[in-house]
Amino acid sequence: MNAAEGRIRLTALGGYLGSGKTTWLRHQLHEGRLRGAHVIVNEAAETPVDDALLGQSSTLSVLAGGCVCCAARQDLIDLLRRISDERSKVEGGAARLEKIVLETSGLADPGPIVEAIRSDPVLVYHVVVSEVIVAVDALHSLSQLRGEPLGRRQIEVADRLIVTKVDQVAQGPLQTLLATLSCLNPGAGLSGAVRGVDSPLPDFSGAEPERLPETDQLSPKAPVTPVRLHLDDSIDWTAFTVWLSALLHARGDDIVRVKGVVRTPTGRLLLQTVRKVVQTPEILPEQGDMREDNMIVVIGRGYKAEHLRRSLQYFARRSY
Amino acid sequence: MCSACGFPAAPGHWTEAGAPTAHDRLRSRMRRAEVLQAVLPFYGLKAYGGGEVPGIQISALSGGESILRDLDEVWALAEKMSGGPVDPLDPRFIGDE
């Protein structure tokens with residue numbers, strides 16, 4: 001008998017901030033590979049953005065305002081119990097939920113999440129964690145692995161590693177990354193993706209893995225935390241872009257991720273950055289939940305929230 | 001390509017995404033120069049507005065002018081000239097001086 005028989009199969013999708021989790025998931029939904037799945041999105045910030053991108057999933061739940069591996073772990077357990085409960089009430093013969101995809105926040109360690117689901121006395125009868133997939137950013141992950149213990153923990157627990165943005169790096173560094181990944185987690189399957197679409201990976205059999213420092217030798221850094229910035233009427237898009245481009249130029253190594261939806265004359269623009277790289281803003285339709293428009297989340301370290309706000313106000317002043 | 005100065009337009013820099021019409025783009029360029037002018041003089045640079053020239057016109061207070069493609073080039077030039085990046089969290093911009 002299959003161990004999963006009768007239980008909902010849960011796929012946990014993890015990966016560091018900006019590694020391309022949502023892009024990958026969105027493409028899988030578009031291709032119909034996750035038909036019928038209940039998608040749960042967790043975001044560390046209180047402003048959910050990823051749900052705006054995942055409109056194609058049949059059922060979507062958002063857990064915002066804390067990481068499900070720590071602060072919001074009980075919220076996740078409660079949600080999964082509710083889903084299981086509703087499924088148990090489905091009459092025989094009717095279609096039952098078979099699959100859950102949990103997209104964790106970029107700050108989450110998937111290990112404790114899987115452990116929490118497996119050790120819950122109720123969920124153990126209803127949900128089986130079938131796979132842990134971790135997205136790895138080909139462009140930034142080697143530098144993250146050198147300095148961020150979290151990035152390494154995410155990779156170590158994966159069953160499958162999806163190396164994203166493989167079109168943006170040269171073959172040599174990509175081979176080094178692949179050799180490093182296979183050294184960190186030799187058992188994990190490796191595949192490549194560009195904007196969610198499968199992309200072949202080069203042979204890396206002769207490549208040397210990066211010699212990473214021991215995690216206990218890493219200098220302690222301040223934790224990465226999310227800050228919410230409200231762009232009120234006094235902040236125009238042009239001033240905001242001048243400010244953000246300067247901020248990323250000066251502090252792109254500390255500002256790990258910026259995301260949010262900004263209202264501009266062009267329409268609703270989805271803004272996303274990963275360190276110093278800014279993705280071309282995408283125009284979102286005038287629909288869905290727009291309550292969080294003009295709320296930007298800045299995730300990083302080394303500054304105070306109040307200083308970000310004051311600095312932005314300085315840049316946006318009309319008369320100097 | 002601008003037929004007057006031969007300066008190639010660089011479509012698609014993310015900061016230009018919010019201006020759909022020519023009118024919006026012109027207004028945005030002038031506003032961009034205004035914002036830059038609040039910041040760059042601290043770094044020995046001056047920004048000019050106006051719609052005559054595509055790109056961003058920057059002059060050094062010590063003389064010399066450049067037309068830059070986008071803001072990334074502006075910050076790189078400012079860093080080169082002043083020996084450090086333009087940091088929006090510098091005390092002078094957050095009122096902590």
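Bear in mind that the values in this text are calculations on the coordinates, not laboratory data. Just so you know, these numbers come straight off a predicted model, no measurement behind them. For neighbour counting, all protein chains shown are included, and Cβ atoms are generated from backbone atoms with ideal geometry for every residue, glycine included.
Quick rundown of the values:
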| item | result |
| --- | --- |
| In chain A, lysine pairs closer than 26 Å at Cα, eight or more apart or cross-chain | 14 |
| Residues of segment A:246-280 with amide N under 12 Å of a point placed 7 Å along Cα→Cβ from B:Asp70 | A:277-280 |
| Under 14 Å, Cβ to Cβ, from A:Leu34 - net charge with Lys/Arg +1 and Asp/Glu -1 | +2 |
| Cβ-based net charge around A:Gln144, under 11 Å, with every Lys or Arg adding one and every Asp or Glu removing one | 0 |
| Label point distance in nm, B:Ser62-A:Glu306, each placed 7 Å from Cα along Cα→Cβ | 3.8 nm |
| Calculated FRET value between A:Val277 and A:Glu91, using beta carbons and R₀ = 45 Å, to 0.05 | 0.35 |
| Chain A - percent relative contact order, Cα under 8 Å, separation 6 or more | 18 percent |
| Packing-based exposure ordering (other Cβ within 10 Å, fewest first) of B:Phe93, A:Phe204 | A:Phe204, B:Phe93 |
| Peptide A:31-40, shielding by other chains (average Cβ, 10 Å cutoff) | 0 |
| Between segment B:51-70 and segment A:77-140, the alpha-carbon center distance in angstrom | 55 Å |
| Cα pair distances in the protein assembly as shown, grouped into 10 Å bins until the bin that holds the longest one, percent each | 4, 20, 28, 24, 15, 6, 2, 0, 0 |
| Cβ-defined net charge surrounding A:Ala116, 13 Å radius [Lys, Arg +1; Asp, Glu -1] | -2 |
| Value at 222 nm in deg cm²/dmol, rounded to 500, when DSSP H runs of n ≥ 4 in the protein assembly as shown each add -39,500 (n - 2.57) | -9000 deg cm²/dmol |
| Euclidean distance between Cα centres, segment B:16-50 to segment A:243-276, Å | 18 Å |
